[in-house]
Structures are given as C-alpha cells and as structure tokens.
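Report on the following structure.
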Amino acid sequence: MTRKPRAVVFDCDGVLLASNRLKTAIFEQVLQGAGFAAADVARFRVFQRANFGMSRYRLFDALLGWQDLSPYPATSRDALCAAYGSALYARYVRCPATPGMVGVLRQLQDAGVPLFVVSGSDGAELAAVFAERGLARWFAAIHGSPATKVDNLALVAAQLGIRAPMPEVVFVGDAEADWKAAAATGCRFIYADHFSTAKRRMRALAAETGFPTIRDLRGLVPLL
C-alpha cells in the first residue's frame with residue numbers, strides 16, 4: 001500500500017462473496033416458479049449475467065417490460081422480489097467467501113482504512129446476511145438496493161465528509177454497473193475478474209479505459 005486511500009468500497013457478489021452463480025440460479029428458479037416460458041427464462045439469464053450488479057428491482061422491472069413475453073405470467077415486480085429473497089437468504093448465508101477476503105479486510109482495517117459495501121443486493125437483506133456471517137464488523141456501513149449504487153456512493157461520501165469527485169476512494173467491483181457508478185462519482189475503480197459474469201465486456205473496458213484488474217481480493221492491497 002503506497003498511499004493509504006480515504007476508503008475502500010466493495011461490491012458484494014463476486015467480490016466479497018462467491019455468489020454470482022447462486023444468484024443466477026435463484027433468478028431462474030423464481031421465474032420458472034412464476035410461470036415464465038423456458039425461452040424467456042433463458043433470455044433473462046443472458047440479460048441478468050450481462051447486467052450483474054443491477055438490483056433485482058431493476059432487473060425484474062426490465063423483464064416485465066418485455067412486450068413479447070409468452071405467456072405473460074400473472075405476477076408483479078414485488079411478488080418476484082419477495083420470492084427471490086425468500087429463496088435466496090438461507091443459501092446466501094452459507095455461500096463461500098472469495099479467496100483471501102477476510103485477510104484482506106483485516107489488513108485494511110488494521111491500516112486504518114474505512115471499509116464500506118455498496119451492492120445491488122437488497123440493503124436490509126444484505127445487512128442481515130453480513131450480521132449472520134459475522135462480517136458486518138469489518139464495515140463502517142453496508143448499502144444496497146433499492147437505492148442505486150451512485151446514490152449509495154454519495155452516502156459513503158457524506159459519511160466521509162467529502163464530495164464527488166473522490167479519487168481517493170477506491171471502489172472494487174466485478175461488473176459494468178460498478179464501473180459506471182465509480183465513474184459517475186469520481187471514484188477510482190478496480191476490477192475483480194475471477195467471479196465476474198461479464199468477463200469479456202469487463203476485460204474490453206479495462207483495455208479501453210485503463211482501470212486495473214485483479215484476479216480476486218488477494219491482489220488488492222499492492223494496488224492501493
């Protein structure tokens with residue numbers, strides 16, 4: 001760590017928890033249970049993986065806005081979100097952490113770096129999961145949806161007593177939504193590649209824009 005950052009902000013899925021595949025499977029389970037056609041479930045799978053980091057609220061809104069769904073099930077965004085949360089929670093609590101995660105959090109906390117979570121996951125659900133897993137103690141705050149990542153990064157700035165742009169704040173993510181939120185608020189972005197569901201797109205963006213890439217969190221500290 002050459003220069004201590006003002007704070008490090010982490011996305012959750014694919015960065016702190018190896019939960020990307022789990023969430024994709026739960027999305028499919030929920031849509032199948034709600035009566036969506038197999039072809040529409042498959043189409044949503046592609047959309048969801050390409051837009052990982054987008055909240056379930058926005059993902060389901062997008063799905064229900066597709067005009068060519070056949071059949072169009074008698075459901076709603078709120079019903080789909082409730083079914084998703086119910087199916088996810090117990091497995092979310094047990095899913096593996098990414099390699100070296102706790103050691104990296106400990107190293108940063110010991111160095112006096114404030115740590116935050118900004119995720120597309122439901123905020124209340126994520127706080128409960130982190131509390132049950134014993135992870136909440138590492139973070140100054142845990143922010144999730146339905147607020148956007150840009151809005152939640154603004155909350156982090158307020159908690160730090162600074163304003164955007166904030167290049168002294170590092171945001172570690174694995175999806176285009178993370179990079180866009182970092183760009184919108186002037187954070188420094190670092191891409192965690194190993195568990196990303198959009199590797200081709202993110203690697204192309206890294207080559208185009210120059211943001212650094214790590215395989216997983218074990219490569220983070222030397223870049224700070």
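Read the figures in this text as sums done on the coordinates, not as results from a lab. Source: prediction; values computed, not measured. Here the Cβ positions follow ideal geometry from the backbone for every residue, glycine too, while neighbour counts run over all protein chains shown.
Structural remarks
- Phi-derived couplings, Karplus 6.51 cos²θ - 1.76 cosθ + 1.60 at θ = phi - 60°, listed residue by residue for region 129-136: 4, 5, 5, 5, 7, x, 9, 4 Hz, with x used for Gly and Pro.
- Here region 20-94 is treated as a Stokes sphere of Kirkwood radius computed over C-alpha pairs; at 10 °C and 1.306 mPa s its diffusion coefficient rounds to 128 µm²/s.
- Percent of C-alpha pairs per 5 Å bin, region 151-203, short to long: 5, 22, 29, 19, 13, 8, 3, 0
- Chymotrypsin sites (Phe, Trp or Tyr not before Pro) restricted to region 32-90 and DSSP loop, no more than 15 other C-beta within 10 Å: TRP66
- Linear extension gain, ALA204 paired with GLU132, 0.36 nm per residue minus alpha-carbon span: 22.2 nm
- Number of Lys pairs (Cα under 22 Å; 8 or more positions apart or on different chains) in the chain: 6
- Value at 222 nm in deg cm²/dmol, rounded to 500, when DSSP H runs of n ≥ 4 in the chain each add -39,500 (n - 2.57): -15000 deg cm²/dmol
- Residues with amide H under 5 Å from that of PHE171, placed H, sequence gap 5 or more: VAL9, ARG188, PHE189, ILE190
- Pairs of alpha carbons in the chain whose separation is greater than 20 Å (percent): 58 percent
- Estimated FRET transfer efficiency when R0 is 45 angstrom, pair ASP110-LEU64 (beta carbons, to 0.05): 0.45
- Counting neighbouring beta carbons within 10 Å and listing from fewest to most, the residues THR209, THR148, THR197 come out as THR209, THR148, THR197.
- Cα gyration tensor shape for region 78-161, rounded if a/c is under 1.5, else prolate or oblate: oblate
- Placing +1 on the Cβ of every Lys and Arg and -1 on the Cβ of every Asp and Glu, with nothing else charged, gives region 66-127 a dipole about its Cα centre of roughly 220 debye.
- Relative contact order of region 20-94, defined on C-alpha pairs under 8 angstrom at six or more residues apart (%): 45 percent
- For region 140-213 versus region 57-88, the inter-centroid distance based on Cα atoms is 27 Å.
- Share antiparallel - DSSP beta bridges, the chain, percent rounded to 5: 5 percent
- Once C-alpha pairs closer than 8 Å and six or more residues apart are averaged by separation and normalised to the residue number of the chain, the relative contact order reads 30 percent.
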